[in-house]
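Working notes, structure below.
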Amino acid sequence: MSGFRRASSKFKLAARLLLVPLTAIFLGEMAVMVFIDHLLHSGMPYWLVTFVDAASLTVISVPLLWMFLLRPLLRTYSTEADTAHASAQALVDATMETAILADAEGRVLAINQVGAQRFNMTPEQMLGGNIYAFMPDEVARERRARIGAILHNGTPSYFEDQRDGRHFATSVYPVMDEHGTAIRFAVFANDITERVQLQGIDALLHACDQRLLRGDHPEELLRFICNEAVQLFGLCLAWVGRKETNGQVTIAACGGTCGYAESLRRIGVRWDDTAEGRGPVGAAIRTGQVQVSRVTDSQFQPWRAAAEQHGFQAVMAIPLITRGEIYGVFTLYSGQSISFDVPVTVKRLTEVAGRISVLLEMAMDQQQLRLLSVALTSAGNAVFIADRGGRITWANPAFSRLSGYSAEELIGQNPRLLKSGRQDEAYYRQLWEIILSGEVWSQETVEQRKDGRLYTVMQTITPIRDATGEVSHFVSIQEDISARKLTDERIRHMAHYDALTDLPNRALFYDRLYQAVAFAKREAQQMALLFIDLDRFKAINDELGHAVGDLLLQSVAERLRACVRESDTLARLAGDEFTVILPRVESEQDAQAVAEKILSALSAPYSLEGHEVLAGASIGIAFCPRDAEDADGLVKCADAAMYAVKAQGRNAWRQYRAEINEISADTLAAS
């Protein structure tokens with residue numbers, strides 16, 4: 001319906017615009033006809049009268065049509081185009097994302113209000129300028145290289161970065177011309193600072209809980225929080241101060257530019273009514289309210305010179321309250337004057353300060369285990385508490401799930417019921433010596449579930465002291481790392497073993513070869529290298545397909561395993577190339593015997609997917625130190641001997657001799 005109304009409106013406009021010139025033309029034509037009639041009666045030739053009639057009509061019609069029809073219509077369409085452009089710009093300006101369009105050299109073709117504001121400029125100031133010129137040199141170099149790669153590859157890119165304490169998620173898209181060449185690029189950047197900070201705070205709080213349960217000293221815990229807050233919020237310095245009864249404020253821990261803390265100790269920070277107590281720290285302690293100050297404020301005068309020397313511009317002090325009383329203050333410094341003017345930032349930092357207060361209370365009274373019971377019960381890690389004799393007095397649900405024993409089955413038992421046999425008595429003897437001395441013990445441990453399955457945990461045991469200072473209980477926290485261990489082992493295996501045959505790959509082969517060569521030279525012994533290349537593998541692969549070819553390689557690997565000792569190294573280098581490292585050979589005949597054994601094993605028929613396949617092998621043998629004294633040279637010699645076998649008819653072995661080098665590899669390309 002809306003389309004019909006727009007069409008009807010345009011039709012009515014055209015009709016109204018057309019009525020005026022048509023009326024004028026009609027009246028003009030009537031006047032011309034009177035004049036024409038006069039000319040005809042005067043005896044003027046008919047063709048001349050017709051010409052005068054047409055010329056008169058043109059002179060009258062063209063100006064009228066332009067004035068009353070064409071010009072109004074052009075104005076109407078121009079206005080609509082301007083309105084559409086303005087609407088599109090308003091739509092782009094309405095988004096909270098930065099939106100930039102630039103040519104391949106970086107000239108800004110379009111930018112919205114949000115994008116310009118993040119450069120502290122207006123769109124009009126940036127249009128036509130080079131986008132890299134508005135960035136710091138280091139950022140510009142990185143962006144130019146990244147965008148250059150995007151334009152070259154013609155593929156979009158997404159990345160996250162941090163600038164001036166703000167976190168951004170940026171997407172860059174190449175804009176192609178009709179030939180598929182990237183001639184422009186579009187940038188969309190979203191401020192994800194709040195999301196990153198929320199995630200960081202969650203991770204920080206979780207880490208703090210873990211450290212507290214692990215038994216970290218309060219100062220270590222506070223130092224960790226200060227360092228994390230500096231990183232998370234893009235600040236220069238954070239420190240926790242303790243309120244003293246004599247009016248002083250003692251720095252308990254700091255993170256970031258801690259050199260400034262020495263200036264504070266020298267100048268002094270107080271909370272009483274003195275010059276050193278009227279700053280934001282003293283005011284926060286006296287009032288119990290968050291204080292925000294610029295270093296240029298008058299009350300900051302005692303510390304201004306030192307702060308400016310370190311590049312500080314703004315300070316925020318948050319009181320720390322424990323058990324209803326002010327314990328001290330959490331103080332933060334920024335190199336940006338407006339950092340603490342953002343309400344969300346103040347809220348997040350206040351939340352961190354609130355957690356510091358809670359952690360301080362818990363650290364002050366670590367013996368009150370009941371305060372931790374709710375948190376421990378809901379913890380994702382397995383936790384249990386044992387008395388000095390090792391009897392379990394409490395266990396959380398996560399520990400029951402991990403061990404397979406119910407809480408009723410665990411209470412009163414000794415943790416030795418989880419013994420897997422993977423750790424010896426010396427291991428447990430050292431464990432008890434450490435925790436009975438009051439020290440924290442932390443190490444990987446392999447335990448056994450109720451059903452007999454094994455699992456690996458990172459276990460931390462923290463001693464708990466009673467009022468007399470004696471160790472009375474232990475808190476054990478177990479993090480199940482079985483999956484991670486399996487993943488790590490799988491990754492290590494994939495890095496060193498061939499995926500198809502599960503034999504050592506090229507990287508592990510060379511590592512073993514370097515060791516074998518070094519050992520042979522050091523012990524003045526002889527070692528050998530066999531270089532094996534399957535005969536007719538390419539033809540089999542082409543005729544029967546890659547699936548059969550893979551099965552053949554797996555079968556060859558199994559037969560080769562049966563031909564070598566455990567001390568030897570059998571590897572697959574690539575394709576149909578295998579190697580055998582014989583680390584100790586008494587004579588050349590030992591290596592020759594292995595080669596004969598391999599030829600015999602590989603020459604037997606293979607039954608693969610209903611096909612009977614025959615595939616021999618060509619083997620080159622080289623000795624260290626006789627043929628070469630280094631690993632690379634030994635491989636070249638064995639490889640050359642193998643090619644010599646190929647040239648002489650295949651399915652045989654040959655030892656390396658110097659004259660073999662005269663054989664041209666080009667003549668063996670068909671093999």
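The values are calculated or read from the model by the stated rules, or taken from the named source; none is laboratory data. All of these numbers come straight from a predicted model, not from anything done at the bench. Positions of Cβ are generated from backbone atoms using ideal geometry, with glycine treated the same way; all protein chains shown enter the neighbour counts. Surface accessibility is based on the protein's heavy atoms, side chains included, excluding ligands, DNA and RNA. Shrake-Rupley method; radii C 1.70, N 1.55, O 1.52, S 1.80 Å.
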Exercise for the section: Along Cα→Cβ, 7 Å out, is where each label goes; now give me the distance between the ones at Ala499 and His611 in nm to one decimal. Expected result: 2.2
Exercise for the section: Kindly state, to the nearest 0.05, the FRET efficiency for Arg265 paired with Thr350, given R0 = 30 Å and r defined as their beta-carbon distance. Expected result: 0.70
Completion exercise
Ratio for the range 122-184, C-alpha Rg to 2.2 N^0.38 Å, reads 1.25
Problem - Estimated FRET transfer efficiency (Glu523, Arg323; beta-carbon r; R0 60 Å; 0.05) - result: 0.25
Practice task
Would you list which lysines come within 21 Å of Lys450, measuring only between C-alpha atoms, while excluding same-chain residues fewer than 8 positions from it?
Solution key: Lys419, Lys485
Handout entry: Inter-label distance for Leu417 and Gln231, nm, one decimal - labels placed 7 Å from Cα along Cα-to-Cβ
Key = 4.1
Exercise for the section: Taking 7 Å along the Cα-to-C-beta vector as the label spot, tell me the Ala426-Asp297 distance in nanometres, rounded to one decimal. Expected result: 6.2
Handout entry: Extended-chain gain in nm, criterion 0.36 nm per residue less alpha-carbon gap, Ala149 and Arg490
Key = 119.4 nm
Practice task
Would you kindly find the accessible area of Ser600, with a 1.4 Å probe and non-protein molecules such as ligands, DNA and RNA excluded, rounding to the nearest 10 Å²?
Solution key: 80
Fill in the blank from the handout: Over all directions, the range 226-370 yields a Cα convex hull whose mean projected area in nm² is 8.6
Handout entry: Peptides ranked, highest mean first, by Cβ atoms within 10 Å: ranges 634-642, 649-657, 106-114
Key = 634-642, 106-114, 649-657
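Please list 189-200, 219-230, 617-628, 601-612 highest first by mean number of surrounding beta-carbon atoms within 10 Å per residue. Intermediate results must be reported in sequence, preceding the final value.
On the way: 189-200: 16.7, 219-230: 20.2, 617-628: 23.2, 601-612: 13.2.
In decreasing order of mean packing, 189-200, 219-230, 617-628, 601-612 become 617-628, 219-230, 189-200, 601-612.
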Problem - Cα-based radius of gyration of the range 410-541 once divided by 2.2 N^0.38 Å, which approximates compact folds - result: 1.73
Practice task
Enumerate the calculated ³J(HN,Hα) couplings along the range 558-575 in order (Karplus 6.51 cos²θ - 1.76 cosθ + 1.60, θ = phi - 60°), each rounded to whole Hz, writing x wherever the residue is Gly or Pro.
Solution key: 5, 5, 5, 4, 6, 9, 10, 8, 5, 6, 7, 10, 9, 9, 10, 7, 5, x
Problem - Fraction in percent of alpha-carbon pairs per bin - 5 Å, the range 560-671 - result: 2, 11, 20, 25, 21, 12, 6, 2, 1, 0
Completion exercise
Of the range 155-186, those with amide N under 19 Å from the point 7 Å along the Cα→Cβ vector of Arg141 are 162-164
